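*Asks:* What follows is a single structure, and I will ask about it in a moment.
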Amino acid sequence: MSFAVLFRAREYLRGSLWVFPLGGAIAGVLLALLTKQADMSVTVPKGLQYAPSTASTVLTTIVGATVGLAGFVVTVTVLAIQMATGTFSARYMRIWYRDRMLKAVLTVLAGTMTFSFSLLRQVTATQAPDIGVSVAGSLLVLSLVLFLLFFDRFIHRLRPVAVAALVGQTARRTITTVTQ
């Protein structure tokens, strides 16, 4: 493969907002299959067992919460970028759509949603995926923590001083890369 092709592919992946969340969504489905196997081979203590109706309700709520939170993350990001481009350069958008934290939040949310949705298929009238429901709850908590970290970082990066620092860091990295 030529350098130009590799460079374009790398830049596409760095700038893409859908590749990592798609990977998270696929990982969520695979994790659901793994927890199904774990549920069949491990006996869960009474305190961690769920009634099928409870499991169904919890998983449905988690799916709805992750979809809503993902929509909120995208909306807040887009609105803040629109407001910031009135003050800063339009190139400021590149800082946001390449932000690793944004991609991590969207990836975990997509994975949690597909994981919970996949687990819903495993709920029967007599049996619930006990381990899977607990893991889904943990993933939801992780999603919320990542969202709060992202939101804090997002707010702090809107300051003009922070934008100047980010531009300076990018310039230093570019100069270092070119001169080596």
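*Asks:* Which one of the conditions (1) open to solvent by 70 Å² or more (accessible area, probe 1.4 Å); (2) assigned to a helix (DSSP H, G or I) does Ala125 fail to meet, given that it meets all the rest?
*Replies:* That leaves (2) as the condition not met.
*Asks:* Could I ask something else about it? Determine the pairs where a residue that is hydroxyl-bearing (Ser, Thr, Tyr), located within region 36-50, has a partner that is surrounded by 10 or more Cβ atoms within 10 Å (Cβ to Cβ) with Cβ atoms under 8 Å apart, the partner being 6 or more residues away or on another chain.
*Replies:* Listed by first residue and then by second, the contacts come to Tyr50/Val58; Tyr50/Ala128; Tyr50/Asp130; Tyr50/Val133.
*Asks:* For Ile62, only one of the following conditions fails: (1) surrounded by 15 or more Cβ atoms within 10 Å (Cβ to Cβ); (2) free of Cβ contacts under 8 Å to residues at least 12 places away in the same chain; (3) not small (Gly, Ala, Ser). What is its number?
*Replies:* (2)
*Asks:* What pairs come up if the first residue lies in region 153-166 and is at pLDDT 75 or above, the second is polar (S, T, N, Q) and in a helix (DSSP H, G or I), and their beta carbons are under 8 Å apart, counting only those six or more places apart or on different chains?
*Replies:* Partner pairs satisfying both residue conditions: Phe154/Thr77.
*Asks:* If you go through region 77-91 one residue at a time, do you hit one that is closer than 26 Å to Asp130 by Cα, part of a helix (DSSP H, G or I) and touching a residue at least 60 places away in the same chain (Cβ under 8 Å)?
*Replies:* no
*Asks:* Restricting attention to region 114-152, which residues are among the β-branched types (Val, Ile, Thr) and in contact (Cβ under 8 Å) with a residue 12 or more places away in the chain?
*Replies:* Thr114, Val123, Thr124, Thr126, Ile131, Val133, Val135
*Asks:* Residues that are loosely packed, with under 10 Cβ neighbours inside 10 Å, without any contact (Cβ under 8 Å) to a residue 12 or more places away in the chain and not hydrophobic (A, V, I, L, M, F, W, C): does region 10-33 have at least one?
*Replies:* no
*Asks:* Could you figure out which of (1) modelled with pLDDT under 95; (2) open to solvent by 40 Å² or more (accessible area, probe 1.4 Å); (3) part of a helix (DSSP H, G or I) isn't true of Leu102?
*Replies:* (2)
*Asks:* A follow-up question, please. Return the total of residues in region 9-53 being within 18 Å of Asp99 (Cα to Cα) and out of contact with any Gly (no Cβ under 7 Å at 6 or more places or on another chain).
*Replies:* 15
The values are calculated or read from the model by the stated rules, or taken from the named source; none is laboratory data. Remember, predicted model here, so these are calculated numbers, not experimental data. Here the Cβ is made from the backbone with ideal geometry for all residues, glycine too, and neighbour counts use every protein chain on show. Areas reflect the complete protein model, heavy atoms only, side chains present, ligands, DNA and RNA absent. Shrake-Rupley method; radii C 1.70, N 1.55, O 1.52, S 1.80 Å.
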